[in-house]
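Presented below is the structure to which this report refers.
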Amino acid sequence: MRYTRSLIGNATVMHYLQKVVKNGIVPHAQIWVGPDQIGKKTFLANHLFERWCEQGNACLKCLTCRQLQHDSYAGLCWLEGSELDMATVRSVIQEAAETNFSAQHRAIVITQAERLSMQVYNALLKLLEEPRNQITIYLLTNTLDPLPATVQSRCSCIYFQPVATEELTATFPDLADCVGLANGLPGKLLRWQKPAQRQQYLQQLQDWLDIVRNLPIERLQPATKL
């Protein structure tokens, strides 16, 4: 996991996270909502460094910071929602109940939370309702719609918004011509900093435009009537 000195966009979210770390009042269950490549994972990584650093400032030198950098911090459980099954959930819940845990801070992160099954949501409810051993649960999702109301009602929600074109242009001056294609998602521009990735996307876009351009006009007429 990497600490990023300069986050891109969503300054309101950044200031809120800094405030809760400073106040020491962090909601035990949180839902982070925003499209892929908006920066949710990057913001969360920074948040954990700043919250758990032994010096209180993401020093990147203390034992905890070094373990986070090498993805070896025992108190952090990072799971992909698309791959999460009941066996894993039961194991996580059992581990959460243990009091003789070595790490001072503990968190469970579940990405792609919109892809969890209803069975998994129901199994997680107990953790959301009854926080154990100061564990914080972070659910990262593209949209709130698939998440049951019972889950949403037990969590604080943080919303990420597309980044303004002006800010993206200032951050990626070498990619100014591509900013309009990024739809406010800095993750796309970070990928496009690699010429091969950028060229691949532009070729795919051109191929799609060629397909549309060559469609018979009668195929497009129904769409014009909508």
Is there a residue being more than 14 Å from the chain's Cα centre (by Cα), aliphatic (A, V, I, L, M) and under 24 Å from residue 183 (Cβ atoms) anywhere in region 4-15? yes
Give the residues of region 82-133 that are small (Gly, Ala, Ser) and modelled with pLDDT under 85, sorted by residue number. 96, 97, 102, 103
Which listed residue is more than 16 Å from the chain's Cα centre (by Cα) and at pLDDT below 90, from 220, 189: 220
Picking from 68, 60, 79, the residue that is part of a helix (DSSP H, G or I), modelled with pLDDT of 90 or more and hydrophobic (A, V, I, L, M, F, W, C) would be 68
Residue match in region 99-113 (condition: more than 30 Å from residue 161 (Cβ to Cβ) and in a helix (DSSP H, G or I)): no
For region 120-168, which positions are open to solvent by less than 50 Å² (accessible area, probe 1.4 Å), more than 17 Å from residue 91 (Cα to Cα) and part of a helix (DSSP H, G or I)? 151, 168
Subset of region 59-114 [touching a strand residue (DSSP E or B) at 6+ places or on another chain (Cβ under 8 Å), surrounded by 18 or more Cβ atoms within 10 Å (Cβ to Cβ) and among the polar types (S, T, N, Q)]: 111
Output the residues belonging to region 87-107 that are polar (S, T, N, Q) and over 14 Å from residue 132 (Cβ atoms). 88, 91, 102, 104
So in region 45-57, with the set limited to residues that are assigned to a helix (DSSP H, G or I) and among the charged types (D, E, K, R), which one is most open to solvent (accessible area, probe 1.4 Å)? 51
Consider region 1-44. How many of its residues are part of a helix (DSSP H, G or I), in contact (Cβ under 8 Å) with a residue 24 or more places away in the chain, open to solvent by 20 Å² or more (accessible area, probe 1.4 Å) and among the hydrophobic types (A, V, I, L, M, F, W, C)? 2
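The values are calculated or read from the model by the stated rules, or taken from the named source; none is laboratory data. What you see is a predicted model; the values in this text were computed from it and never measured. Don't worry about glycine lacking a Cβ; one is built from the backbone with ideal geometry, like all the others, and counts go over all protein chains shown. Areas reflect the complete protein model, heavy atoms only, side chains present, ligands, DNA and RNA absent. Shrake-Rupley method; radii C 1.70, N 1.55, O 1.52, S 1.80 Å.
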